[in-house]
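To start, the structure under review is shown below, and the notes come after it.
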Amino acid sequence: MSGRETISAGKALLRDGILNTDRQALLFALAAILLWSTAATAFKLALRQLDVLQLMAYAVSCSALVLVAIVWRLGRLHILRQYLRQNAPHFFAMGLLNPILFYLLLLQAYDLLPAQQAQTINYTWAITLALLAVPMLGHRLSARDIVAVVLGYTGVVIIATEGRVFELEFSSGQGVVYALVSTLVWALYWIANARNARDPIVSLCLNFMFATPVALLLCAVFSSLWVESWTGMAAALYVGLFEMGITFALWSTALRLASNVSRVGNLIFLSPLVSMVFIYTILGENIHPATLVGLALIVPGLLIQQTQANVSATDA
């Protein structure tokens with residue numbers, strides 16, 4: 001075989017390898033999106049049987065166990081022990097932020113709002129992140145950022161008021177506040193990890209390990225650890241497995257395997273649309289026209305924000 005033929009064969013093998021890993025990345029990403037799309041429905045089903053503290057306690061505990069199993073299966077327990085020795089207080093603080101505070105707020109929102117409203121408002125966290133990055137990271141708001149903010153929060157108002165924008169009558173003003181503040185907490189969590197080069201799965205595992213006794217204590221003191229409904233417990237375990245635990249590992253793997261991270265990342269915008277199908281068919285919520293109008297504004301706003309982030313990363 002000549003040198004040119006060898007080079008051509010090498011390029012073909014490399015191309016086939018990239019295509020193969022991209023296919024794997026796509027499968028992992030689609031699996032994660034499908035599971036995340038069931039989260040809003042699972043939250044509402046669980047909250048029919050459990051209160052917010054019970055759901056959080058058992059979901060967080062389940063997720064911690066699953067993440068430990070994943071870390072063990074990936075052969076990264078030594079990294080976990082290393083991180084613990086280096087900075088245990090950091091992971092305790094991050095665990096209080098996410099999952100404890102984030103899910104307390106988010107689940108309160110789901111308890112007060114229709115699922116279609118709570119989950120759609122929750123997707124504006126990326127826009128909240130752009131706003132927080134100005135004072136906290138020294139970023140400047142570009143024209144794209146401003147357009148994304150206007151589109152995103154106009155969509156929020158339309159959804160929250162069910163189209164009665166000028167009357168500003170909310171189905172639950174308190175629920176809207178909880179949902180919006182949860183996006184603030186999630187954005188703060190991302191900013192706190194912006195320059196963190198640690199393994200994401202191991203880091204999340206430690207967050208949940210430290211959060212588990214806190215969640216159980218909160219439930220024991222302010223609610224009850226005893227759950228009478230097995231269906232409620234099953235729903236809580238489902239949330240722990242597929243909203244908090246396994247799905248993050250799937251998504252992280254998809255991003256690691258992808259040759260173009262932005263292409264995979266943009267798939268996440270399918271999630272609120274797929275979620276509406278589960279909300280309608282399983283929960284029986286009639287999808288309000290205002291929700292669709294709001295989504296039609298929020299999703300383009302998020303796409304603009306995503307494009308801006310990719311451009312900034314390329315320039316850097």
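Brief remarks on what is shown
- For V227, no residue has an amide H sitting under 5 Å from its own, ignoring neighbours fewer than 5 places away on the same chain, with H placed 1.01 Å from N.
- Using every pair of separate Cα atoms, the Kirkwood estimate puts the hydrodynamic radius of the chain at 20.8 angstrom.
- Within the chain, helix-based [θ] at 222 nm, where runs of 4 or more DSSP H residues each add -39,500 (n - 2.57), nearest 500: -25000 deg cm²/dmol
- Stretching M136 away from Q82 to a fully extended chain increases their span by 16.5 nm, per 0.36 nm per residue minus the current alpha-carbon distance.
- Rounded to 0.05, the FRET efficiency of the Q24 and T154 pair, given R0 = 45 Å and the Cβ-Cβ distance, is 0.75.
- Residue order, fewest to most beta carbons within 10 Å, for M136, M56: M136, M56
- Modelled spin-label separation between L292 and L273, with each label point placed 7 Å from Cα along the Cα-to-Cβ direction: 1.3 nm.
- Relative contact order of the chain, pairs being alpha-carbon contacts under 8 Å that are 6 or more residues apart, as %: 41 percent
- Evaluating 6.51 cos²θ - 1.76 cosθ + 1.60 at θ = phi - 60° for every residue in region 248-256, the Karplus couplings come out as 4, 5, 4, 5, 4, 5, 4, 5, 5 Hz, glycine and proline recorded as x.
- Taking 0.36 nm per residue of sequence separation and removing the Cα-Cα distance, the L303/S224 pair yields an extension gain of 24.2 nm.
- Prolate/oblate/rounded label for region 189-297 (Cα gyration tensor, a/c 1.5): oblate
- Between L74 and A234, residue separation times 0.36 nm minus the direct Cα-Cα distance comes to 54.9 nm.
- Three-way shape label, region 12-116, alpha-carbon gyration tensor, a/c 1.5: oblate
Computed from the coordinates by the stated procedures, all read-outs in this text should not be read as laboratory data. Keep in mind that what you see is a predicted model, and the values were worked out from it rather than measured. Virtual Cβ from ideal backbone geometry, glycine too; neighbours counted across all protein chains shown.
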